[in-house]
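Participant: I'd like to ask some things about the structure below.
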Amino acid sequence: MSKIVLLAVNAKYVHSSLSVMVLAGGIAKYAKAFHETIVIEATINHQKAETVASVASYRPDVVGISTYIWNADWIEDALGLLREALPGALFVLGGPEASFNAEYWMARGADYVLPGEGEFSLPPLLDMLDEATLTIKSGGEAAYPPLCPNTAPAQSICTGAKPEAPQPLHNNEPIHPYIGISDEHLAAMLNGRIAYLETSRGCPFQCAFCLSGGSGVSFFPLDTAKEQVYKLSKSGSQTIKFVDRTFNCDAARAFELIEYIIGLDTKCCFHFEVAADLFDERTLSLIARAPPGRIQLEAGLQSFFAPALQATSRHMDLDKAERNIAAILSGRNVHLHVDLIAGLPYETLCDFQNSFDRAYSLGVHTLQLGFLKLLHGSELRRRAEALGICYGARPPYEIMRSPWLSPEDIAILKQAENALQHTYNKSRFLSTLEYVLEASGARPFLLFSSLGAYAPNRGEHLADYAAQIYSFCVRLPGVDEGTLRDRMTCDWLCMVKGANMPSFLPVPYSRRKLAAEKAKQRLGRSAGRAETAVLGSGKGVVVDVNDRDPVTGLYRIHFFELD
């Protein structure tokens, strides 16, 4: 018997780790010998010494760690500390960051790197290590060189070459980590955090910047998926995210799971990554019947520039995607998130601006402006030198320059990303943005990049940031100061609960008492000072902090006449 600690290092506390649960399930199901398994979850914000001490307190024989671009630097530093604290332990790494860069991690303290599906490769490795330990303890010689990681049975281990990703499920059944766990244990384990669920593995597409495609899709049993969905819906988690890379690649299967989820008696929100052009009319009609806030969709458009899409083997019917997005938004019941990637081959700053403006015009709830990352194992990383793309040597391997984007261009894109992330993508000042875009005639990308240059948000207090936004917008051509103040006043009430109006948006004292009386009549209860305002137009406005839109997260406001 050996003792193994499975260490997950998440990006935020609100996240949970699916990988360590699947690995623990794989050990329990597929290992020949019994191995005591302890799961520890930390975050990149934890002190490394505390996490190392927690792992070391169990005195494990083996430590298994899942690696990703968001935790790679943290793990690299922590690995040295772990080896000092546990001189007799072996360290096994998996996950995309280590799997496609095995030699690097072996040189930095990993004893084994497992590519592919770890729930199938880790159990035989543990069995092998257990057998070798018993041989040594009985006075014999180990049947394998202790640090020769290519001799474990059943699967190639630490070849350093690109594994087939995803590898087929062989004759092994996938691990369903939430089945067999009591409701009480599951609730305690997740503790209200975001829960992740996998119902298929792989992707039918082969985008050159991604690691998920290449060998088709393996679908897990549908009944088991429903059972796990049901358990998670009762676990206390508010959000359940499917990690399926293209959830709706099988239209009939997607329809059945969505139909099941819509029928649940739950307040959970279910998040899916989808291809917007693959929805059929039947599924669109079903989604339109979902309770508001029940479903959240993330659609990766990446670009509207055809040469960039062609260069990265990204295939999508963009016109159909736009029509489907419009249809989904028309129901006002689904939160829709769209992704763009800046830095794709052949797309200049001007080309990306066109993509951004077209995507912004869709009116989705979140428009993520991401930057090209040249991931280990991706086709685009292998072609980067030939294409002339320069990227960071450290995770997340983000683009620094290319023949189509200069460092100055990327700085402008970063400014736009900063303003977009701190306003639109947080449902902040939406009415204000709508007004200034219409009044000034500015294109969306130019507005956000200019705002990001004028008022970069580096963690400012929201009231201070609001004052900077006002100062920026009031100078734009065609913008009326009074209308701008009214818009920002309404936005503030919608998005902030219980916070007084910023000083640059004063409420006339002489009318505040009358507004409070009218607001009480409108709401049927007394309204606090922070819940009412008087607009420059003379109208009163009150926010109902007990009525929050489940799709946008904004509080509903009501207008009333004061005279």
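Participant: Would you mind stating whether residue 486 is touching a Leu at 6+ places or on another chain (Cβ under 7 Å), at negative phi and surrounded by 14 or more Cβ atoms within 10 Å (Cβ to Cβ)?
Facilitator: In short, yes.
Participant: Let me ask another. How many residues are over 14 Å from residue 300 (Cα atoms) and buried (at least 17 other Cβ atoms within 10 Å of the Cβ) if we restrict to segment 359-377?
Facilitator: Final tally of qualifying residues: 5.
Participant: Continuing with this model, one more query. Which is at pLDDT below 95, of a type in the set (Gly, Ala, Ser) and assigned to a loop (DSSP other than H, G, I, E, B), of 536, 553, 478?
Facilitator: The unique qualifying residue is 536.
Participant: For segment 416-432, how many residues meet the condition of being at negative phi, crowded, with 19+ Cβ neighbours inside 10 Å and not aliphatic (A, V, I, L, M)?
Facilitator: Within segment 416-432, residues that are at negative phi, crowded, with 19+ Cβ neighbours inside 10 Å and not aliphatic (A, V, I, L, M) number 7.
Participant: Please find, among 278, 197, 222, the residue that is of a type in the set (A, V, I, L, M) and more than 22 Å from the chain's Cα centre (by Cα).
Facilitator: That would be 222, the only listed residue that is of a type in the set (A, V, I, L, M) and more than 22 Å from the chain's Cα centre (by Cα).
Participant: Considering segment 250-305 alone, what residues qualify as being within 29 Å of residue 547 (Cβ to Cβ) and charged (D, E, K, R)?
Facilitator: 259, 265, 267, 289, 294, 298
Participant: Can you tell me which residue in segment 99-110 is nearest to residue 20 (Cα to Cα), limited to those that are buried (at least 19 other Cβ atoms within 10 Å of the Cβ) and in contact with a Leu (Cβ under 8 Å, 6 or more places away or on another chain)?
Facilitator: Among residues in segment 99-110 that are buried (at least 19 other Cβ atoms within 10 Å of the Cβ) and in contact with a Leu (Cβ under 8 Å, 6 or more places away or on another chain), the one nearest to residue 20 (Cα to Cα) is 99.
Participant: Considering every residue within segment 336-345, establish whether at least one is farther than 26 Å from residue 206 by Cβ, part of a loop (DSSP other than H, G, I, E, B) and assigned by TED's automatic domain parsing to the domain that holds residue 286.
Facilitator: No.
Participant: Of all residues in segment 481-502, count the ones that are in a loop (DSSP other than H, G, I, E, B) and touching a residue at least 40 places away in the same chain (Cβ under 8 Å).
Facilitator: 2
The values are calculated or read from the model by the stated rules, or taken from the named source; none is laboratory data. Remember, predicted model here, so these are calculated numbers, not experimental data. Cβ: placed from backbone, ideal geometry, glycine included. Neighbour counts: every protein chain shown.
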